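Presented below is the structure to which this report refers.
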Amino acid sequence: MRRLCALVLILMVLAAPWPAGAADKELVVGVEELEYYPIYALRDGDYVGAAREILDAFGKDRGYRIVYRPLPIKRLFAELINGSIDVKFPDNAQWAGDVKQGTKVYYSQPVIAYVDGVMVRPANKGLGADSVRVLGTVAGFTPFAWLDRIKAGKTQLKENPRMELLLKQAAVGHIDGAYASVAVASYVLATSLAMPGAVVFDSDLPHSRDFYQLSSTRRADVIAEFDAWMVVNQARIKFIKESMGAERGIH
């Protein structure tokens, strides 16, 4: 009972907002230089999306002055490993294992759930994995659920620098499917492309279901603080994700 009370007290102290006037502490957050809205994106040089709303709320409550540093995906992993950034978002323990090998990386509890899967033309839904001979993805992303088929030569991987172009290629049949975040693809189809339903998620094809996390190699204290903050701000985080559609189409 004493241990439980002590744990609750620690969580309350860690998660409580800082008093007004507390000195801001700079926190450098490495983020992907990628259009992945509504989860995250760069708009006129500003980092926007559900991820920023959540991290900004944490920073405000805990007295951090957050500095977002957008970087290409591969360089961002390098900056994480060499400690040039305080924390990285998004990350996952399953990503870039070869790059992280030999380095201790601290991960937060899940922040945003995601499904990465194949978007196909409606007429091709349900045809099975053998129908996907050419699979497209955004440059720098790894379609983990398809690696065995790619290595076996059953599926060819084609990278594209932008989500909009990737989805257009799938819609007109230049590729057999587009491997992407279901939430992001759904948003792009409905907004910037104005092509809702042109391609749809085929849940029968190999896909990955996991979570985006905050990570660090040098600030385990921030990761622990962020976890404690999330515990007492679950409703607030849920509202941000639902209002922005960050987990659209995954449940």
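The values are calculated or read from the model by the stated rules, or taken from the named source; none is laboratory data. These figures come from a predicted structure and were not determined experimentally. Note: ideal-geometry Cβ built from the backbone for every residue, glycine included; neighbour counts use all protein chains shown.
Overview of values
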| quantity | calculated |
| --- | --- |
| Residue in region 74-84 that is nearest to Phe226 (Cα to Cα), counting only those that are touching a residue at least 60 places away in the same chain (Cβ under 8 Å) and surrounded by 16 or more Cβ atoms within 10 Å (Cβ to Cβ) | Leu80 |
| Test: residue in region 86-98 that is over 18 Å from the mean Cα position of the chain (by Cα), modelled with pLDDT under 95, outside any strand (DSSP E or B) and not hydrophobic (A, V, I, L, M, F, W, C) | yes |
| Unmet requirement for Lys154, which otherwise passes all of (1) closer than 18 Å to Tyr40 by Cβ; (2) without any contact (Cβ under 8 Å) to a residue 40 or more places away in the chain | (1) |
| Residue selected from region 145-194 under the condition among the aliphatic types (A, V, I, L, M) and farther than 21 Å from Ser131 by Cβ, by the criterion farthest from the chain's Cα centre (by Cα) | Ala194 |
| Ala50 touching a residue at least 24 places away in the same chain (Cβ under 8 Å), closer than 19 Å to Ala246 by Cα and over 14 Å from the mean Cα position of the chain (by Cα) | no |
| Verdict on Gly83 being among the small types (Gly, Ala, Ser), out of contact with any helix residue (DSSP H, G or I) (no Cβ under 9 Å at 6 or more places or on another chain) and closer than 26 Å to Met244 by Cβ | no |
| Candidates Ala93, Ala145, Ala139, Ala180, filtered to the one that is within 28 Å of Val222 (Cα to Cα) and aliphatic (A, V, I, L, M) | Ala93 |
| Condition check for Gly153: modelled with pLDDT of 95 or more, of a type in the set (Gly, Ala, Ser), over 15 Å from Leu205 (Cβ atoms) and not assigned by TED's automatic domain parsing to the domain that holds Ile240 | yes |
| Residues that are among the small types (Gly, Ala, Ser) and crowded, with 21+ Cβ neighbours inside 10 Å, drawn from region 110-149 | Gly117, Gly136 |
| Some residue of region 195-203 being in the same structural domain as Ala171 (by TED's automatic domain parsing), farther than 23 Å from Trp146 by Cα and of a type in the set (A, V, I, L, M) | yes |
| Condition met for Leu166 (at pLDDT 95 or above and either closer than 17 Å to Leu189 by Cα or crowded, with 17+ Cβ neighbours inside 10 Å (or both)) | yes |
| Pair list, Cβ under 7 Å, 6 or more apart: region 94-109 residue among the charged types (D, E, K, R), other residue at pLDDT 95 or above | Lys100/Ile81; Lys104/Thr217 |
| Residues of region 201-235 classified as exposed (fewer than 15 other Cβ atoms within 10 Å of the Cβ), closer than 26 Å to Ser186 by Cβ and not aliphatic (A, V, I, L, M), total | 4 |
| Candidate set from region 198-251 (those that are among the polar types (S, T, N, Q) and in contact (Cβ under 8 Å) with a residue 60 or more places away in the chain); member that is farthest from Ala78 (Cα to Cα) | Ser203 |
| Members of region 204-216 found to be modelled with pLDDT under 95 and of a type in the set (Gly, Ala, Ser), listed by number | Ser208 |
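Let's see how each residue does on (1) at pLDDT below 95; (2) within 21 Å of Phe211 (Cα to Cα); (3) not hydroxyl-bearing (Ser, Thr, Tyr):
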| residue | (1), (2), (3) |
| --- | --- |
| Ala51 | no, yes, yes |
| Phe58 | no, yes, yes |
| Asp61 | no, no, yes |
| Arg65 | no, no, yes |
| Pro72 | yes, yes, yes |
| Leu76 | no, yes, yes |
| Leu80 | no, yes, yes |
